[in-house]
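Derivation of every value follows stated rules applied to the coordinates shown; laboratory data play no part. For clarity, every value in this text was computed on a predicted model and none was experimentally measured. Virtual Cβ from ideal backbone geometry, glycine too; neighbours counted across all protein chains shown.
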Amino acid sequence: MVDLFGKKKLEDRIQELESGVAELVSEKEELLRTLEKREDKIRKLASANQEANLALKAAEQRAAATSPASLPDLAGREEKKPMGTRMSPREMERLMKRLESCRSPEDDLLTFFLPDGAPDEAALPPDAKSALLSIRSERGWIVLRYPQLFTLLLAPPFPVRETSYLEGSIFSLDALREMMETPVLVVSAHAGDTFLGVAYGQKGFEVRDFVESQVKEKHSKGGWSQKRFERLREEDIKNHVEAVLEKLSDLKGKYGSVVRFVVLGGDAALLKQIAPTVGLPVIERKLERHDERRLDRLLDEVYGFTCYRI
């Protein structure tokens, strides 16, 4: 019988497609099983990492408790160094709300602003002066003291320019708020991957730019000689820095009259080449490598304070 309408071909095509669908379904199920195994492995690794971190922290605490520096100094020659806590802008906001609620009928709440290298201020309480001598802040200090209750030392994100001393029924916190809303240009410089951003405050970046280029990471055992590899890598880095400086120049032209500081972090070799060309007040910081998906963490580092309780 003649197949006038090609029914047999269509049925064969349907079987072929159904077979293909079955293969795809089987492949999908296999990929899902592989993904589940991978996610389970990631969860186990994350759990193991967390346990290792906890064990390391416990070991460090035990070591600190038994180290000679932690033992009493009978001769009185060494002061115990206060432990600092890194505080993100959100944590600082919560702290300032609590400080705002502080009131003293004796008008004796003290607020000090001290530039770097000025711990000998006569009005500074002795315990605060002793603590400042044992730790260092290149950007100066903010000291908040409620007599008989607490003293806080704050290492700020931006420099304290001049010494000031305020005493009253409340703390003077306006300068802290201004710091958290200071416009900055941030440069996180790494070979082949540099981020430049403009922030008007700790809420977020107004401008985000990335400079990415090919930079050779390591020398292979075969092929190029070590010297040739290093020469080519240096050339790659030079080209990357030139691209960064070009982008930085553009941002300075647009926002130079707005930003108060350029915050630099990243590879020391790159920063040495970038810093002299900035032409604006520079603050060099030890910043973690930026993550394009979590730039809020970079802002937390830029605007964060370090708090010492004594």
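General observations
- Loop-located GluC sites (Glu not before Pro) in the stretch 90-154 whose Cβ has at most 14 other Cβ within 10 Å (DSSP): GLU106, GLU138
- Among VAL207, VAL259, a tally of other beta-carbon atoms within 10 Å of each Cβ gives an order, fewest to most, of VAL207, VAL259.
- Kirkwood-type hydrodynamic radius, the stretch 84-180: 13.7 Å, calculated from all non-identical alpha-carbon pairs.
- For the stretch 27-36, the Karplus equation 6.51 cos²θ - 1.76 cosθ + 1.60, evaluated at θ = phi - 60°, returns couplings of 5, 4, 5, 5, 5, 5, 5, 4, 5, 4 Hz by residue, with Gly and Pro reported as x.
- Globularity index of the stretch 125-184 is 1.18 (Cα radius of gyration / 2.2 N^0.38 Å, N = number of residues).
- For the stretch 129-138, 3J(HN,Hα) per residue [Karplus equation, 6.51 cos²θ - 1.76 cosθ + 1.60, θ = phi - 60°, Hz, x = Gly/Pro]: 4, 4, 5, 5, 6, 9, 10, 10, 9, 5
- Among the listed pairs LYS203/LYS286; LYS81/LYS272; LYS203/LYS252; LYS203/LYS247, those whose Cα-Cα separation exceeds 30 Å are LYS81/LYS272.
- Full extension of the segment from LYS81 to CYS102, taken as 0.36 nm per residue of separation minus the current Cα-Cα distance, would add 4.9 nm.
- Cβ-Cβ FRET estimate between SER134 and ILE170, R0 fixed at 45 Å, reported to 0.05: 0.95
- When the trypsin sites (Lys or Arg not before Pro) in the stretch 276-310 are filtered for DSSP coil states and for at most 12 other beta-carbon atoms within 10 Å of their beta-carbon, the remaining sites are LYS286, ARG289, ARG293, ARG294.
- Amide H contacts under 5 Å for VAL207, placed H, 5+ residues apart: VAL198
- J(HN,Hα) series, the stretch 100-117, from Karplus relation 6.51 cos²θ - 1.76 cosθ + 1.60, nearest Hz, glycine and proline x: 5, 7, 6, 9, 10, x, 8, 6, 10, 6, 10, 10, 10, 10, 10, x, 4, x
- Once backbone amide H atoms are built at 1.01 Å from N, VAL263 has LEU185, VAL186, VAL187, ILE283 as its partners under 5 Å, excluding neighbours fewer than 5 places away on the same chain.
- Calculated on alpha-carbon atoms, Rg and Dmax of the stretch 178-310 in Å: 16.5, 59
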